[in-house]
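See below for the structure under consideration.
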Amino acid sequence: MKIKINNIIILSLGAILYPLIEIIYRGYSHISMMIVGAIAFFFVYHINITLNIKSPIFRALFSVFCIVLVELGSGIIINRYLNLNVWDYSGQRFSFLNQICLKYAILWFLLSLIADKFCRVISRFFD
């Protein structure tokens, strides 16, 4: 039961933080980003806490890989299949399917380094 409550808290934090980051960065977000954020932060948290990866750099790289995959998958569903057009990276260099791009992967890497510390702090409340 404890693990389920912990995961609900982690998913909820992601659902709040991810759109908040977007609002701070670009001034708006979309309700679908709550789901994307919940899934992405769930992975980030478990990469930082559950997996036995010693280096914070490697944890951040693995986190970025997962975030980018979540964004790619959700972008294909949200933007291409459902035609909601929540984001479009066609104007960005090094974009893939206009759903992910190198610029934001680098920003997610920097945020993942911060998330590493944040995950370690909040994991103490679950012990």
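Numerical summary
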read-out	value
Verdict on Y25 being loosely packed, with under 14 Cβ neighbours inside 10 Å, among the aromatic types (F, W, Y), on the phi < 0 side of the Ramachandran plot and assigned to a helix (DSSP H, G or I)	yes
Top-ranked residue in region 94-112 [being surrounded by 14 or more Cβ atoms within 10 Å (Cβ to Cβ) and in contact with a helix residue (DSSP H, G or I) (Cβ under 6 Å, 6 or more places away or on another chain); ranked as nearest to I49 (Cα to Cα)]	S112
Scope region 28-77; condition within 18 Å of A115 (Cβ to Cβ), in a loop (DSSP other than H, G, I, E, B) and either in contact (Cβ under 8 Å) with a residue 12 or more places away in the chain or touching a Lys or Arg at 6+ places or on another chain (Cβ under 7 Å) (or both); matching residues	I53
Answer from I53, I49 - the residue that is in contact with a Ser or Thr (Cβ under 6 Å, 6 or more places away or on another chain), within 21 Å of I122 (Cβ to Cβ) and at pLDDT below 95	I49
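The values are calculated or read from the model by the stated rules, or taken from the named source; none is laboratory data. Predicted model only: the values in this text are computed from it and were never measured. Every residue, glycine as well, gets a Cβ built from its backbone with ideal geometry; the counts of neighbours run over all protein chains shown.
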